């Protein structure tokens with residue numbers, strides 16, 4: 001039996017994320033440095049390639065809009081996996097969330113859409129919890145089953161409720177939402193005189209880029225986006241600074257030891273998975289808000305991308321938010337401009353070259369060589385390709401996910417008992 | 001007696017699951033004011049004339065063939081504790097490549113068909129190999145990477161069919177590849193009906209049925225009767241024990257994914273070689289995901305998968321009659337999804353019953369040793385696998401396909 005003393009210790013020390021290579025720096029300073037490097041890199045690529053969409057405020061606003069559902073779903077995954085339940089069913093719960101939001105939203109407005117989506121997501125979470133916690137079914141199997149089932153349920157419900165509906169809608173979509181959520185802008189800077197907007201239009205190197213990014217983040221932001229962003233630090237405080245969080249995480253690290261200390265493990269796992277379903281459902285609600293309507297296949301695998309963001313973020317709130325930002329940005333870019341995706345290849349090439357240099361200084365020549373080869377490949381693609389065809393551009397976020405995971409995932413540590421079926425008294 | 005009990009126990013879980021699933025989906029339908037009894041009546045109604053009835057059977061078998069192959073592809077990986085969720089993308093990409101290659105050449109009939117089959121298997125295996133290489137070298141969870149590759153494959157297929165491989169005219173309503181010449185067609189098996197003295201409907205029974213049966217036998221032998229299959233099953237049951245006995249875990253991941261992918265490449269071929277002869281934008285989709293369900297229902301055994309494929313094909317066939325009878329056709333999806341969920345629960349319950357029986361028997365034979373490890377067999381984390389970026393890797397699959405092993409140990 002593992003010693004009890006490891007439980008509090010294993011989670012409270014801040015763990016180095018995928019960017020932990022920049023050792024000897026505090027997490028905050030490291031994150032800031034990475035963000036600065038990323039903006040400078042994008043600014044340089046924008047000037048070289050002439051692709052204004054790379055850092056325009058509209059792209060950044062779209063990125064925020066698309067990062068939020070991914071981030072919310074990843075947060076959902078965080079609660080579930082920190083309690084020790086792997087949640088592949090996030091996609092299914094998100095699908096249920098979109099349907100719930102569409103159904104409640106067209107009848108009673110945006111706040112009802114939020115509640116409806118969250119409740120539907122929780123239903124999916126409940127199903128997952130019953131299967132995995134009560135019946136001890138393998139977590140991945142149960143998650144896959146929920147994904148299949150959720151797609152069937154929403155189609156069934158739409159067929160039943162929307163086909164002869166006076167308000168509109170059909171087999172694959174709901175009637176349109178009646179009210180949009182209220183939107184906020186920063187006074188003076190991004191509305192009214194709109195100082196950031198005019199600065200952005202100057203197209204100066206770096207200055208306009210920063211202005212574009214800031215304006216995108218502050219102009220016409222939905223109330224719920226603000227709420228979602230706030231949920232990231234709130235989740236951190238709840239999971240790492242309260243006794244509830246400590247107990248929940250202890251269920252994911254060593255449930256038997258937690259049990260011996262009197263933590264009701266099954267109950268905490270239920271709570272974790274239910275919160276997970278609620279947050280994934282909320283992610284679905286955001287997708288419905290973006291479109292103003294529920295559509296079938298609206299999630300497009302974003303639940304899975306959320307899971308990838310969680311893994312990239314090393315099962316921590318800050319990391320998963322960074323992952324969601326990357327995926328949201330690539331998603332936004334692909335939606336806004338096909339030629340900008342080509343410019344992204346240049347950024348990838350430069351980024352890989354930096355990685356290669358880093359590997360070589362660490363005397364890891366093989367990894368460095370591989371990075372150089374891939375850098376050359378993306379540079380060649382950038383120089384030879386003008387515009388990518390739509391079919392290819394559509395999977396940009398998924399390729400970025402794969403790339404990021406394969407570059408980052410070796411330094412990760414998932415909760416120790418994550419994915420293991422726990423039966424009380426059998427540990 | 002022993003055999004009878006074993007068969008009884010392995011049938012218990014799926015049958016219980018199907019019954020419970022039917023009850024649950026009936027309740028759902030009743031709650032939404034759809035009469036479940038009427039729905040089931042439509043489902044089992046195969047028509048009145050012998051011609052209609054045989055046609056219904058042919059439709060079911062033709063649908064069951066790709067489902068069976070898909071189930072096999074998933075099951076091969078499952079037996080090793082790997083989740084190949086990428087079957088969907090693997091077969092779609094393989095089918096469009098095979099269709100394009102088949103249309104581009106002109107060969108004598110058997111060679112032409114063989115070439116199409118080999119290309120389909122090679123493309124899908126290569127696509128699955130990406131997942132394996134990422135897992136082995138970079139520790140990326142196969143669950144995430146195969147899902148991401150599904151989207152990439154579907155996007156690629158969409159690009160290929162509208163771009164380089166487009167064979168249909170510019171204004172055509174359905175975009176398609178150039179049709180495969182007749183030497184690359186597989187004739188139907190309908191002569192069987194004449195021999196048996198049954199009605200011979202116009203709908204052709206796919207002769208891919210024979211290939212599927214052979215494939216099932218080969219996979220069964222490979223997994224149960226060869227060294228490779230033994231290593232594969234051992235890795236699935238206990239990765240640490242397998243690698244302690246000399247199994248190279250990384251090589252096994254790559255070999256298993258290649259095999260699973262190669263089988264997945266065949267999924268689209270019954271339709272491609274039997275009826276459509278070209279890849280179209282509305283080519284049968286979703287077989288890879290259904291394959292996961294079929295493999296779970298069939299408990300990763302070829303015979304079970306065949307039965308599960310027939311059941312799912314039967315359910316699928318009823319979606320058209322349901323629509324004609326003005327019922328929501330998605331009832332079928334609901335039933336299928338519920339079956340999957342109840343099956344995994346029932347499998348788990350059956351596994352525990354088997355485990356308890358084996359424990360009781362073990363206690364009779366040997367004096368009870370405290371903590372002999374039999375209960376913890378599924379819980380051991382595969383700590384010596386390559387660093388695993390995500391959930392579901394190696395250690396996460398204690399329940400899969402292991403339900404009858406304690407019994408096997410008893411024999």
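Quick note: the coordinates plus some simple rules give every number you see, no bench work behind them. The structure presented is a predicted model; accordingly, all values stated were derived computationally and were not measured. Every residue, glycine as well, gets a Cβ built from its backbone with ideal geometry; the counts of neighbours run over all protein chains shown.
Return the FRET efficiency for the residue pair residue B:210, residue B:255: r is the Cβ-Cβ distance, R0 is 30 Å, and the value is rounded to the nearest 0.05.
E(calc), rounded to 0.05, equals 0.70.
What is region A:337-411's relative contact order, in percent, from Cα pairs under 8 angstrom and six or more apart in sequence?
40 percent
Relative to the first principal axis of the alpha-carbon coordinates of chain B, what is the inclination of helix B:302-317, with its axis defined by its Cα atoms, in degrees from 0 to 90 and to the nearest 10?
Its long axis makes an angle of about 40 degrees.
I need A:210, A:118, B:140 ordered by Cβ neighbour count within 10 Å, fewest first.
A:210, A:118, B:140
Taking square-rooted eigenvalues a ≥ b ≥ c of the alpha carbon gyration tensor, is chain B rounded, prolate or oblate, where a/c under 1.5 means rounded and, failing that, a/b exceeding b/c means prolate?
Here chain B falls in the oblate category.
Would you work out the relative contact order for chain B, in percent, from Cα pairs under 8 angstrom that are 6 or more residues apart?
Taking the mean separation of contacting Cα pairs over the length of chain B, I get 31 percent.
Can you tell me the length gained on complete extension of the stretch residue B:107 to residue B:226, counting 0.36 nm per residue apart and subtracting the Cα distance?
39.3 nm is the gain from fully extending residue B:107 to residue B:226.
Work out how much length residue B:248 to residue B:326 would gain on full extension: take 0.36 nm times their residue separation and subtract the Cα-Cα distance, in nm to one decimal.
My answer for the length gained is 22.5 nm.
What is the extension gain from residue B:23 to residue B:3, computed as 0.36 nm multiplied by their sequence separation minus the C-alpha to C-alpha distance, in nm to one decimal?
4.2 nm
Using only the C-alpha atoms of the protein assembly as shown, find the volume of their convex hull and express it per residue in Å³.
So the per-residue Cα hull volume is 184 Å³.
Shape of region B:16-96 from its Cα gyration tensor (a ≥ b ≥ c, root eigenvalues): rounded if a/c is under 1.5, otherwise prolate when a/b > b/c, or oblate?
It comes out oblate by the Cα gyration axes.
Relative to 2.2 N^0.38 Å, what does the C-alpha radius of gyration of region A:325-427 come to as a ratio? Two decimals please.
Working it through for region A:325-427, the quotient is 1.42.
Between helix B:287-297 and chain B, what is the angle of the helix's C-alpha long axis to the longest principal axis, kept within 0 to 90° and rounded to the nearest 10?
Long axis of B:287-297 versus the principal axis of chain B: about 40 degrees.
Using the per-residue mean of other Cβ atoms lying within 10 Å as a proxy for protection, in what order, highest first, do the peptides A:256-268, B:83-95, A:93-105 fall?
A:93-105, B:83-95, A:256-268
Tell me, how many Å apart are the Cα centres for region B:19-84 and for region A:382-407?
One Cα centre to the other: 38 Å.
For chain B, set up a Gaussian network in which alpha carbons nearer than 10 Å are linked by springs, and say which option among B:147, B:116, B:292 fluctuates the most.
Comparing B:147, B:116, B:292 in the GNM, the peak value goes to B:147.
Would you mind giving the mean number of other chain beta-carbons within 10 Å of the Cβ of each residue in A:381-394, as a whole number?
3
Please rank B:198, A:123, fewest neighbouring Cβ atoms within 10 Å first, as an exposure proxy.
Starting with the residue having the fewest Cβ neighbours, the order is B:198, A:123.
Hey, got the average number of other protein chain Cβ atoms within 10 angstrom for residues in A:308-320?
Going residue by residue through A:308-320 and averaging, the value is 2.
Taking every residue in B:124-134, how many Cβ atoms of other protein chains lie within 10 Å of its Cβ, on average?
1
Tell me, B:281, A:401 in order of fewest to most beta-carbon neighbours within 10 Å?
Neighbour counts put them in this order, fewest first: B:281, A:401.
Indicate the gyration tensor shape class of region B:99-170 (rounded, prolate or oblate), computed on the Cα atoms with a ≥ b ≥ c the square roots of the eigenvalues: a/c under 1.5 is rounded; otherwise a/b larger than b/c is prolate and the rest oblate.
Taking the square roots of the gyration eigenvalues as a ≥ b ≥ c, region B:99-170 is oblate.
Compute the angle between helix B:109-138 and the longest alpha-carbon principal axis of chain B, please, reported from 0 to 90 degrees and rounded to the nearest 10.
40 degrees
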